[in-house]
Each structure stands twice: as structure tokens, then as C-alpha cells.
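Enquirer: The structure follows.
Here, each number is a calculation from the coordinates, and none is a lab measurement. Owing to the predicted nature of the structure, the values given are computational and were not obtained by experimental measurement. Note: ideal-geometry Cβ built from the backbone for every residue, glycine included; neighbour counts use all protein chains shown.
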Amino acid sequence: MLAWSMPHHRGITSRAGGCVNLRNWQLRCLDPSQEEERAEASGEGIVQQPRSERVQQQGVDGFQRAKLAVFLSGGGSNFRALHAATLQNAIYGDVVVVVSDRPGCKGCEYAQEHKIPILSYPKNKYAQDGISASQLVDSLRHSGVDYILLAGYLKMLPTELVQVFPRAILNIHPALLPSFGGKGFYGMKVHEAVIRSGARYSGATVHFVDEEYDSGPILAQRVVPVLAYDSPLDLAARVLKQEHILYTEAVAALCEDRIFWREDGVPLIRKSWDEAEYL
Ligand code: GRF
């Protein structure tokens with residue numbers, strides 16, 4: 001049996017001949033029964049196997065469409081942009097599930113219209129049927145989800161989920177991290193703080209998710225000007241337009257295995273497989 005242990009730096013050769021090194025997990029060969037018993041007994045999570053490596057093992061020639069889970073709490077304009085890109089093959093993947101703490105939100109209405117299953121997490125007054133953290137992890141693993149995309153999801157992710165999907169969870173933030181991020185910086189509060197600070201530029205950031213708010217490795221950014229008499233709403237609208245473009249580009253790269261990790265832990269997007277040029 002093959003089980004995936006916690007991250008361990010190890011490059012592998014891609015089908016295209018480059019260095020994938022996408023998510024560096026160590027492969028261990030274990031006795032199935034012993035390992036399952038040991039993992040269950042110790043509560044140690046067996047992490048999701050990286051898609052790129054699974055494709056290689058199965059000997060599939062070329063990329064498979066990635067399975068995406070989108071987490072949201074509100075309007076879902078980023079979700080709609082991502083979903084549209086999957087339908088147009090600009091993103092080589094499919095949204096197979098939506099997770100929300102507000103199953104009545106606009107983003108979930110859109111999911112329902114498109115027959116995308118919705119999981120409620122966590123349980124709260126808006127989501128009486130909310131599932132537990134371990135049910136969420138199990139459900140995502142059993143649906144074969146490769147990547148998790150946070151798109152305006154306001155709850156902290158459970159630690160076990162972050163551990164099971166290392167280097168496979170992205171978030172979009174409506175400012176240029178590492179400024180104007182962290183606990184309390186959400187929605188209009190971010191744009192109010194940017195305007196109050198006198199910063200002349202703001203923008204959007206896509207970053208990998210770790211166990212803190214807005215602190216994981218930065219993958220991509222887009223910049224917009226902050227104009228002299230901007231209201232927070234003006235700035236939010238200008239940033240949001242860029243968010244849709246940026247998130248689509250970043251997720252497209254993720255699904256095509258075009259993300260490379262620099263030795264110091266910074267992820268870079270390669271323009272294409274055969275060009276050593278980065279965005
Ligand atoms: C976006 O501004 C995103 O950066 C932030 O939450 C907002 C979600 O907007 N994380 P929408 O629901 O995608 O329209």
C-alpha cells in the first residue's frame with residue numbers, strides 16, 4: 001500500500017521532462033493492515049496523494065482534469081469566475097463540490113443552479129445540517145478532491161484539513177499581502193484600512209493556505225491604484241475585477257502543474273511547461 005507522509009523535499013521528473021517538485025511528499029511503502037491500524041490508533045493523518053504523482057503512477061499520458069472544491073460564504077463572484085473558466089477549459093479542472101458555512105448565500109444558489117453539490121461546514125445557525133471537521137475531510141478525500149479554493153470563505157479551516165491537503169489549498173485576499181491581512185482584515189475592512197493608511201497602491205493576492213489567516217506562501221499578485229477620492233466600495237470594485245483574472249490564472253497554473261517551489265519555499269508560476277519563464 002502507498003501512503004503519503006508529511007512534506008519532505010524531493011524533486012521528481014515530470015512527464016514533460018522538467019522538475020515537478022509540486023508538492024513534496026515522501027512516498028513510503030507500508031504493510032496495509034499495519035499502517036491503517038497504526039495511523040488510526042495514532043490519529044496521524046494520511047495526506048491526499050498529489051495529483052501529478054498519481055497521474056504518473058497510473059501511467060496516464062497527459063493531464064487529467066483536476067477536481068476542485070470551492071469554499072465560500074457570500075456572493076461567490078470569484079467562484080463564478082472560476083467555474084466559468086472551467087467550462088471554457090481555461091482551467092483544466094471541474095468544481096466537484098462547494099463548501100459553505102452559509103448554505104443560503106448567493107454563491108450556493110449559483111452552485112445549486114449548476115447542480116454542484118454543497119456541503120455545509122461548520123454547523124451554525126445558518127447551517128443546521130453542518131457536518132463535523134472529520135466528516136468534511138473524509139468527504140473531500142472520498143470525492144477525490146485535488147485542490148481546495150477559498151473564495152470568500154469567512155471561517156478558519158480545521159487544522160486536520162490543512163494537514164491533509166498540504167500545498168493544495170489556495171485563498172484570494174483583496175489586498176497586497178503581507179500588508180492588510182490577518183485576523184479582522186476581511187470584506188470592506190480591508191479597503192477601509194488601505195485608504196486610511198494612505199497607500200497609493202492596493203491589489204489582490206493569491207496565496208497557499210497554512211494554519212493562520214492570510215500568512216501562507218504568496219503565489220501571485222495584481223496591483224491597482226488607490227485614487228485620491230476612492231471610497232472603500234470604489235476600491236473594492238477595482239480590486240475585485242482583478243481578483244477574477246488573477247485567481248483564474250493561478251488556478252489554471254495549479255491544475256496544469258505549472259507551479260514550482262523555489263528552494264526557500266516561495267511558489268512560482270511557470271508560463272508554460274517548456275519555457276523556463278515565470279509570471
Ligand atoms: C473577495 O474580495 C476575496 O478576495 C475575499 O472575499 C471576497 C469574496 O468575494 N477573500 P466574492 O464572494 O467572490 O464576490
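Enquirer: Which entries in Lys189/Lys271; Lys123/Lys271; Lys183/Lys241 show an alpha-carbon gap greater than 32 Å?
Expert: Working: Lys189/Lys271 34 Å; Lys123/Lys271 41 Å; Lys183/Lys241 24 Å.
The answer is Lys189/Lys271; Lys123/Lys271.
Enquirer: Quick check on packing: order 243-253, 223-233 by the mean number of other C-beta atoms within 10 Å, highest mean leading. Walk me through the intermediate numbers first.
Expert: Working: 243-253: 21.5, 223-233: 12.9.
For the peptides 243-253, 223-233, the packing ranking is 243-253, 223-233.
Enquirer: May I ask for the distance between the Cα centers of region 130-173 and region 110-124, given as a whole number of Å?
Expert: Their Cα centres are 14 Å away from one another.
Enquirer: Under 17 Å Cα-Cα from Lys67, which lysines qualify once same-chain neighbours fewer than 8 residues away are excluded?
Expert: Counting by Cα, and skipping residues close in sequence, Lys67 has these lysines nearby: Lys115.
Enquirer: Between Gln128 and Lys115, how many nm apart are label points set 7 Å from Cα along the C-beta direction?
Expert: For Gln128 paired with Lys115, the spin-label model returns 2.9 nm.
Enquirer: Give the peptides 114-121, 149-156, 259-266 in descending order of average Cβ contacts within 10 Å, highest first.
Expert: Working: 114-121: 16.9, 149-156: 20.4, 259-266: 13.2.
Highest to lowest by the protection proxy: 149-156, 114-121, 259-266.
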